[in-house]
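J.: So that we are looking at the same thing, I have put the structure below in structure tokens.
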Amino acid sequence: MLATALTVIAIVTQDQAVLRAAPRESAAQHALLWQGDSLEIRGSKGDYLQVYDHRRERAGYLRASQVRQQALKPENAPELLAVVRFLRDTPGAEALGISYAAAYLKAAPAEAIDGEVFDALGAFAERLAQRATARQGKAPDNTLGAHLEVAAHYGVDMVSLERDDQVRLCYNGEAFRRVLALRASDVQKALAALALTRHDCVSPELTPIERFTLDNWRAEVLDRLNSAQIPEVLKNRLHLRRAGVWASLAWQRARRPEFGPAAVAQAATRALSELAAINKSELAESDAAAYSDAALRVGASRWAAEPGVPVAPLKAAGGLAIATRSGQPGETCIDLVQTGNGAQPPPFTRCTYGTVWPASAAVHPQGSAVTVAVQPLDTWRELWVFRHGAAGWTVDVIPPANDQPNLGYLEFAGWVPGSSQMLAARETKLNGRYKTSFELINLSTLAVERSADRPASLSAFYRWQSPLWKAQTVSLR
């Protein structure tokens, strides 16, 4: 990670340190240096050091007070590691911390290097990436850009991901992979696994095969951890991450013919179990958003936990039922059928490239409407409403939100007897905010007539909610 094989270097400790042509304040400026830059020392004169910057290929003079001279010998390794430990949790000192971590790796004997220094190195890189992401849309920050260049000089690679018209900078995780491979504490390995399996750092440009491979790797990394001796707060974070990963795998398995219904149900059940394992009394306030995020992911795929995909029509009220079959390559077709009609063609058919969950089908007691859950993305589930009118059957898609598909689901929660109304539960994440609502929807117009943030606050919902929905939903967590 260090460009030279020097035994003594100068590490710049201040931002905008001026490299000058001569050892005086009035001399011409050669370059601006930033914390974390490492320099070769070639001499000294008065209050200045004569140095050479290998990154910029510039020589010059720098005030001695703006650098820390550091010997790179085995006996100096403990001192370097002590500085790394101090800087690990010091916001704004990420570039300097990366420099000291690199110096420690240069000085320490191979047998002394374990996962601790790589844990710190990964923490520096991840925090620097988060700082850069938070600056999106704000005035340019020259200091932050310079720190990123310093990190890149030491081999710390960042990846830019564009999602929903926003760019996120993510660390590629090389240091965290080394933590998992070397001697390290259970806490350090758990933190490394969490950093490597972040949902927001999964590239949206991955192909389905690449995404499936990545999610299986993420699940394996999380499952290999020994969480018996780690704090409860960290256990909760692992449960939340596993819940999100397994929910995604449930949807992906359902779309792959080599996986049967049992394997799909196993992944969804694992996601539900991980969410249920959260110790709410130990859930940190800072993890509230992560908890809502995991619940949304699990809620979107929860119908995958229902075993089997029926090949025969589902029996329902009024003799009405649905049946699913394969359509064009990649399509699933939903047929509305009348039970007992034998070989009569279905009165209505609609096909989709989304994943249809037949177990979610709910038929109106009068046989005038049917709802089915359809999941086009692993984090997005829609409600399809089939209705019978004067012109025959029609179908309408009600999305969780009128926005770009990101994170959310809408699910049927019951029929209101003697009326053309149905109950629905909706959970979404919009503009970084999580919202849960329980709604009364008019079947004629599909408009939301009333809504509340709790079922008890909506009298019709409180009286007529489906017991099956109440037993299975995660929206009442």
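Each value in this text was obtained by applying a stated rule to the coordinates, not by laboratory testing. Please read all numbers here as calculations on a predicted model, not as lab measurements. Positions of Cβ are backbone-derived with ideal geometry, glycine not excepted, and every protein chain shown enters the neighbour counts.
J.: What value in Å³ per residue do you get for the convex hull of the alpha-carbon atoms in region 142-274?
T.: Spelled out: Cα convex hull of region 142-274, divided by residues, is 143 Å³.
J.: Under the Karplus relation 6.51 cos²θ - 1.76 cosθ + 1.60, θ = phi - 60°, what is the ordered set of whole-Hz ³J(HN,Hα) values for region 71-78, x standing for Gly and Pro?
T.: After applying 6.51 cos²θ - 1.76 cosθ + 1.60, I find 7, 9, 10, x, 5, 8, 4, x Hz.
J.: Determine the alpha carbon to alpha carbon distance for each of K235/K280; K73/K106; K73/K189 and list only those over 19 Å. Write out the running numbers ahead of the final one.
T.: Values: K235/K280 11 Å; K73/K106 8 Å; K73/K189 28 Å.
Long pairs (Cα-Cα over 19 Å): K73/K189.
J.: Going highest first, how would you order 375-383, 244-252 by mean Cβ packing within 10 Å? Please list the in-between numbers first.
T.: Numbers: 375-383: 22.1, 244-252: 27.9.
Taking the mean over residues of other Cβ atoms within 10 Å, the ranking is 244-252, 375-383.
J.: Another question, then. Volume per residue, Å³, of the convex hull around the alpha-carbon atoms of region 371-428? Before the final figure, lay out each step's value.
T.: Details: hull volume 5.1 nm³, N = 58.
Dividing the Cα hull volume of region 371-428 by its residues yields 89 Å³.
J.: Residue separation times 0.36 nm, minus the C-alpha to C-alpha distance between A284 and A110: what's the value? Could the numbers behind the result be given before it?
T.: Details: separation 174, 0.36 × 174 = 62.64 nm, distance 3.77 nm.
Stretched fully, the A284-A110 segment lengthens by 58.9 nm.
J.: With each run of n ≥ 4 DSSP H residues scored as -39500 (n - 2.57), what mean residue ellipticity at 222 nm is computed for the chain after dividing by its residue count and rounding to the nearest 500 deg cm²/dmol?
T.: Details: 12 runs with 158 residues, N = 477.
That comes out to -10500 deg cm²/dmol.
J.: Something else about it: Sorted by average packing, counted as other Cβ atoms within 10 angstrom per residue and highest first, what order do 407-415, 191-199 take?
T.: Working: 407-415: 24.3, 191-199: 20.9.
Going by the mean number of other Cβ atoms within 10 Å, highest first, we get 407-415, 191-199.
J.: Stokes-Einstein diffusion coefficient for region 8-71 at 20 °C in a medium of 1.002 mPa s, Rh from the Kirkwood formula over Cα pairs: what value in µm²/s?
T.: Value of D from the Cα-based Kirkwood radius: 192 µm²/s.
J.: Can you report the principal axis dimensions of region 192-252 using only the alpha carbons, biggest first, rounded to whole angstrom?
T.: Sorted largest first, the three principal extents are 37, 20, 15 Å.
J.: Report the far tail of the P(r) of region 197-308, meaning the percent of Cα-Cα pairs longer than 16 Å.
T.: Above the 16 Å cut-off, region 197-308 has 58 percent of its Cα pairs.
J.: Once Rh for region 327-473 is found with the Kirkwood sum over Cα pairs, what is the Stokes-Einstein diffusion coefficient at 4 °C and 1.567 mPa s, in µm²/s?
T.: Details: Rh = 16.2 Å.
In µm²/s, the coefficient is 80.
J.: Just add up the charged neighbours of H153: K/R +1, D/E -1, any other residue whose Cβ is under 9 Å from the Cβ of H153. Don't skip to the end; give the middle numbers.
T.: Details: positive: R55; negative: D37, E149.
Net charge in that neighbourhood comes out at -1.
J.: Further, regarding this structure: How much net charge surrounds A107 when only the other residues with a Cβ under 12 Å from the Cβ of A107 are counted, with Lys and Arg +1 and Asp and Glu -1?
T.: With Lys, Arg at +1 and Asp, Glu at -1, the neighbours total 0.
J.: Suppose we take every Cα in the chain and form the convex hull; what volume per residue is that in Å³? Don't skip to the answer; put the middle values down first.
T.: Details: hull volume 84.0 nm³, N = 477.
Each residue corresponds to 176 Å³ of Cα convex hull volume.
J.: Sticking with this structure for a sec: Name the long-range amide H neighbours of R163: under 5 Å, sequence gap of 5 or more, or other chain; modelled H, no Pro or chain starts.
T.: Here R168 satisfy the definition.
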